[in-house]
Amino acid sequence: MRFLLDTEQRAFTESLDALLRAADTPSVVRDWGRGEHAAGRALWSRIARAGVFALAVPEAYEGVGPLPVELAAAFVELGRHAVPGPLAETVAAAVLLAGLDDPGPAKRLLPALVSGEAMATLAGPGSYALDGDAATTLLSYDGGELRLAPGHGPIRPSLDPARRLTPLAAGGERLATDPPLATALTWARLAVAAQALGVGLALLDRTVAYVKQRTQFGVPVGSFQAVKHRLADAKVALEFARPLVLGAALTLAPADVAAAKVTACEAAYGTARTALQLHGAIGYTAEYDLSLWLTKARALRTAWGSPGECRAEVVSGGPRRR
């Protein structure tokens, strides 16, 4: 079976790629990591106007979805350009709100998420929310209750400086009991899998370009057989992950999505290790833009489920297709 985007889907991803290429995302990411959100919010609004968040929201709440395949394709581009912010979290929050028995919270909160006026994050008991200092819709779930958190705690250090972790304040307005957390988790994992695939593809492209320029013994490093083999292994791993991500978007089966996430994240992480080795000493410097993708590949590996948790889901998962 071949998993390929159709003409309309490819046009959508190409337009999103063009938007992000013009945005100078490395500078946006660095500002975001320092807690300066102005440029990131402006980019977030442009991404929303392109229709990305509407893909996870039903038409009843001013969205165009649910369209998981288009969402996965969009998140590959977001990962390729290292876009900061609670991207998967906003998708998970949108799915969570849209799935509540009471449509009131969805009618009140979802239109702003679709338009980009708001961004959401969420966290469960004992965990940290991503970018709680930037998000405007803070959702917490504990004891079977979904609440609108009244605020957040101090920023906690993260491996990826652009992923700012915060605890959420207790209490707040109760939105629902027994929210569809499993469905939201599936969508969040799909978004992370696609994002990680994009991160890996960007790392591979940057490394291929670098080894063509860097010379040793008077010839490009990329001409060495060992270097070619490392890059070929990274390419194979990423291309193996791509149909799993698109296939999981088609089925939305938890086991399929977990398999896609662990495969894409491990491929991106392996590509990051290859990129770091082949760049040499410059790859270890935070000032070099490669670091923005290196740290993200490592952070996404455990976001919304570690490799072990995702493998366990695959082993114990139920039906693979809807």
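Quick note: the coordinates plus some simple rules give every number you see, no bench work behind them. Predicted model only: the values in this text are computed from it and were never measured. All Cβ positions, even for glycine, are placed from backbone atoms using ideal geometry, and neighbour counts span all protein chains on display.
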State the answer as a single residue: which of 140, 154, 78 lies farthest towards the positive end of the charge dipole of segment 7-179, with beta carbon charges of +1 for Lys and Arg and -1 for Asp and Glu, about the Cα centre.
154
Among the lysines, select those whose C-alpha is under 29 Å from the C-alpha of residue 296, and discard any that sit fewer than 8 residues away in the same chain.
212, 228, 235, 261
In the chain the DSSP beta bridges are antiparallel at a rate, in percent to nearest 5, of 75
Residue 217 to residue 115: extension gain in nm, 0.36 nm per residue of separation minus the Cα-Cα distance?
31.3 nm
Which of these values of volume of the Cα convex hull per residue in Å³ was calculated from the structure shown: [x] 165; [y] 135; [z] 155?
[y]
Under a Gaussian network model of the chain whose springs join Cα atoms within less than 10 Å, the largest fluctuation of 100, 110, 146 belongs to 100
If you line up the long axis of helix 104-115 against the longest principal axis of the chain, both from Cα atoms, how many degrees apart are they, to the nearest 10?
30
For residue 65, enumerate residues with amide H under 5 Å from its amide H, sequence gap 5+ or separate chain, H modeled in the peptide plane.
57, 59
Which of 13, 186, 285 moves most in a GNM of the chain, Cα contacts under 10 Å?
285
Between the helical axis of 254-279 and the dominant principal axis of the chain, each derived from Cα atoms, what acute angle in degrees is found, rounded to the nearest 10?
40
Label-point separation (nm) for residue 287 and residue 206, each offset 7 Å from Cα along Cα-to-Cβ?
1.6
Per 0.36 nm of contour for each residue apart, how much would the distance between residue 236 and residue 19 grow if the chain were fully extended, relative to their Cα-Cα spacing?
75.3 nm
Quick check on the chain: helices-only [θ] at 222 nm, where DSSP H runs of length 4 and up contribute -39,500 (n - 2.57) each and the sum goes over total residues. Nearest 500, please.
-18500 deg cm²/dmol
For residue 8 and residue 62, calculate 0.36 nm times their separation in residues minus their Cα-Cα distance, and state this gained length in nm to one decimal.
17.3 nm
Rounded to 10°, Cα long-axis angle of helix 307-316 versus longest principal axis of the chain
70
Using a Gaussian network model of the chain whose springs link C-alpha atoms within less than 10 Å, name the residue from 282, 155, 47 with the highest mean-square fluctuation.
282
